[in-house]
Amino acid sequence: MKGLTDKEEELMHFFWAHGPLFVKQIVEKFPEPKPHFNTISTFVRALEQKGYVGHEQYGNTYLYHAVVSREEYSRKTLRSVMSRYFDNSLPGIVSALFKDENLSDDEIKELIQQVRNNNSK
């Protein structure tokens, strides 16, 4: 699966938040000045070519829907960041996050408990 541009990722957030959408509906969700219909249509078709969205045809228009879930995309993106910047080291990425966030002892304990709870499922 190919990576997404910032604009493509922004459009995916619309699908994840609102479900299936026609291009016209996507355009309506943007603040003023709204992007042109053809611009959004081009981006959505690119998302489809990359395998992130699919469509159903209704007459001469298409209803687009996410094929890749937000969770799947998040995991893929995190794996990519971990590979590119942390030599595939989970402890390395977690350590960087801990340093940047200045977590309290209670927050660290809570995170450890969450990991333990997830591993016991």
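Observations on the structure shown:
- Residue match in the stretch 90-101 (condition: in the same structural domain as residue 115 (by TED's automatic domain parsing) and either of a type in the set (S, T, N, Q) or within 19 Å of residue 2 (Cα to Cα) (or both)): yes
- Test for residue 115: is it under 16 Å from the mean Cα position of the chain (by Cα) and hydrophobic (A, V, I, L, M, F, W, C): no
- Put simply, of 73, 64 the only residue that is closer than 25 Å to residue 3 by Cα, touching an Asp or Glu at 6+ places or on another chain (Cβ under 9 Å) and part of a strand (DSSP E or B) is 64.
- For first residues located in the stretch 39-50 and β-branched (Val, Ile, Thr), partners that are assigned to a helix (DSSP H, G or I) and lie 6+ apart or on another chain with Cβ distances below 8 Å form the pairs 40/11; 40/23; 40/26; 40/27; 44/11; 44/23; 44/26.
- The condition of being at pLDDT below 95, under 19 Å from the mean Cα position of the chain (by Cα) and small (Gly, Ala, Ser) holds for only one of 104, 120, 80, that being 80.
- Residue match in the stretch 65-77 (condition: farther than 29 Å from residue 90 by Cα and of a type in the set (Asp, Glu)): no
- Qualifying residue in the stretch 87-100 (condition: on the phi > 0 side of the Ramachandran plot and surrounded by fewer than 14 Cβ atoms within 10 Å (Cβ to Cβ)): yes
The values are calculated or read from the model by the stated rules, or taken from the named source; none is laboratory data. In this text, all values refer to a predicted model and were calculated from it rather than measured experimentally. Every residue, glycine as well, gets a Cβ built from its backbone with ideal geometry; the counts of neighbours run over all protein chains shown.
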